[in-house]
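What follows is a short report on a single structure.
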Amino acid sequence: MSDSYASCAQMIQSALPGTPLHAAELRQWFAVRIRYRFEKKVTKQLHDKGCEIYLPLRIERHSWSDRRKNVTIPLFPGYAFVRVERSAAERRRILETPGLMGFVSFGNIIAPIPAQQIEGLQLLLKENTPFAPYPFVKAGQRVRVRGGSLDGLEGVLVEFEKGKLVISIDAIQRSLAIEISGYQMEVI
């Protein structure tokens, strides 16, 4: 266990006397990068090591010239989610898995994933709710409209929930806000 986690656990235990802090409460979800098309193999290896691993899968119908078949593929190719303690020993044990490329990190800091996001993803897949992969866009990003009468239109996404796109003409410093509900977008 890392020093910061150990001290955090000690602080919590001392603040709540008589309430033992279990290792399961210190575990967090993390995304790991996996070699493309090795997702199922790496998931099995980590499961065999006793790790709690989650590889979200979806079923696609593939057609060939001679047959059609339902194929189970990863929802996020090249990624899986592992729930472990943040200790260096635990990370090393996971990183020793062949085909695993590393933890997803930002600025050399491993990024934990809130448990609610994993639970929501599990619920979505369990309930067979229709969905489609969509590019990750945030308010403030430059996007391009795909399809429909506005195909090719570029601008800055202002509000994702309300579907507003701002088109700016830099030379005259003027902008227009357009409702783009129902249109597909791609990040530029």
VAL82 passes all but one of the listed conditions (1) touching a Ser or Thr at 6+ places or on another chain (Cβ under 6 Å); (2) buried (at least 16 other Cβ atoms within 10 Å of the Cβ); the exception is number (1)
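Do we have GLY50 as out of contact with any Ser or Thr (no Cβ under 8 Å at 6 or more places or on another chain) and either modelled with pLDDT under 90 or not assigned by TED's automatic domain parsing to the domain that holds ALA31 (or both) here? Show your work before the answer.
Values: out of contact with any Ser or Thr (no Cβ under 8 Å at 6 or more places or on another chain): yes; either modelled with pLDDT under 90 or not assigned by TED's automatic domain parsing to the domain that holds ALA31 (or both): no.
When the stated conditions are applied, GLY50 does not pass them.
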Conditions: (1) out of contact with any Pro (no Cβ under 7 Å at 6 or more places or on another chain); (2) surrounded by 14 or more Cβ atoms within 10 Å (Cβ to Cβ). GLN28 meets all but one. Number of the miss?
-> (1)
In the stretch 72-93, what residues are closer than 15 Å to PHE38 by Cα and over 16 Å from the mean Cα position of the chain (by Cα)?
-> THR72
The condition of being among the charged types (D, E, K, R), outside the structural domain of PHE30 (by TED's automatic domain parsing), modelled with pLDDT under 85 and in contact with a Gly (Cβ under 7 Å, 6 or more places away or on another chain) holds, among GLU179, GLU154, GLU161, only for GLU179
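The values are calculated or read from the model by the stated rules, or taken from the named source; none is laboratory data. Owing to the predicted nature of the structure, the values given are computational and were not obtained by experimental measurement. In this analysis, Cβ positions are derived from the backbone assuming ideal geometry, glycine residues included, and neighbour counts consider all displayed protein chains.
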